[in-house]
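A quick write-up on the structure given underneath.
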Amino acid sequence: MAEKFIKITEDLYYDTDRMEKDMSLQEYLVEHVKWNIIPLLSDYQMELEESLIDCESPIEQLLSMALESLNIKNIFKFNPFIDVIEIERQKEILCSKKKYRVDFFIPVIYKNQENKCFIVECDGHEFHQKTKEQVEKDNTRMRDLQKEGYEIIRFSGTEIWHRPYKCASEILNIILSKCKYIKGGE
């Protein structure tokens with residue numbers, strides 16, 4: 001197997017007109033890989049930067065980048081029971097005649113079952129649970145959203161700050177745990 005790989009890479013090395021003859025096979029392969037990876041890295045960097053645009057706090061930015069890094073929006077490609085996952089940041093939702101803006105709104109279209117919408121809240125100490133009024137307002141808001149059928153996922157700012165990828169992974173696991181195949185459907 002190793003001999004076959006060496007033969008293929010040597011054929012590629014000796015057949016190319018782009019490289020200089022004084023470049024070793026290893027140097028050529030490193031350059032070839034760089035030229036193929038650089039466009040992918042630029043796309044990835046752009047996606048990460050775009051994921052930060054609507055975020056309003058550093059903890060939201062951290063979680064957004066972690067969600068983007070996990071490629072959560074494309075998980076449906078690997079799960080036969082999910083059609084689409086979207087991530088919307090700072091989404092306004094009309095609920096019980098009140099407008100609420102949520103940190104992350106994640107609608108999931110499941111195959112063969114009812115679709116679900118997940119709301120992820122990043123609870124920084126500065127804006128949540130600092131006073132009794134804030135606690136009451138947050139609890140009322142959460143109950144209103146739950147009455148409308150939204151699945152609420154909350155993380156403290158400390159959790160996100162110290163372990164953003166663990167939080168993103170938990171979100172993905174919760175979404176996947178709600179995905180069940182229903183017999184007799186599509």
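Here are the numbers for the structure shown:
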quantity	calculated
Enumerated strands (runs of 3 or more DSSP E) restricted to the stretch 76-166, each holding at least 1 residues that are touching a residue at least 60 places away in the same chain (Cβ under 8 Å)	82-85, 98-110, 116-123, 151-156
Ile85 being at pLDDT below 75 and within 17 Å of the chain's Cα centre (by Cα)	no
Qualifying residue in the stretch 66-75 (condition: surrounded by 14 or more Cβ atoms within 10 Å (Cβ to Cβ), in contact with a strand residue (DSSP E or B) (Cβ under 9 Å, 6 or more places away or on another chain), at pLDDT 80 or above and at negative phi)	yes
Subset of the stretch 87-108 [surrounded by 12 or more Cβ atoms within 10 Å (Cβ to Cβ), touching a helix residue (DSSP H, G or I) at 6+ places or on another chain (Cβ under 8 Å) and at negative phi]	Ile87, Arg89, Ile93, Cys95, Tyr100, Val102, Asp103, Phe104, Ile106, Val108
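The values are calculated or read from the model by the stated rules, or taken from the named source; none is laboratory data. What you are looking at is a predicted structure, and each value in this text was computed from that prediction instead of being measured. As a convention, Cβ positions derive from the backbone with ideal geometry for all residues, glycine included, and neighbour counts pool all protein chains shown.
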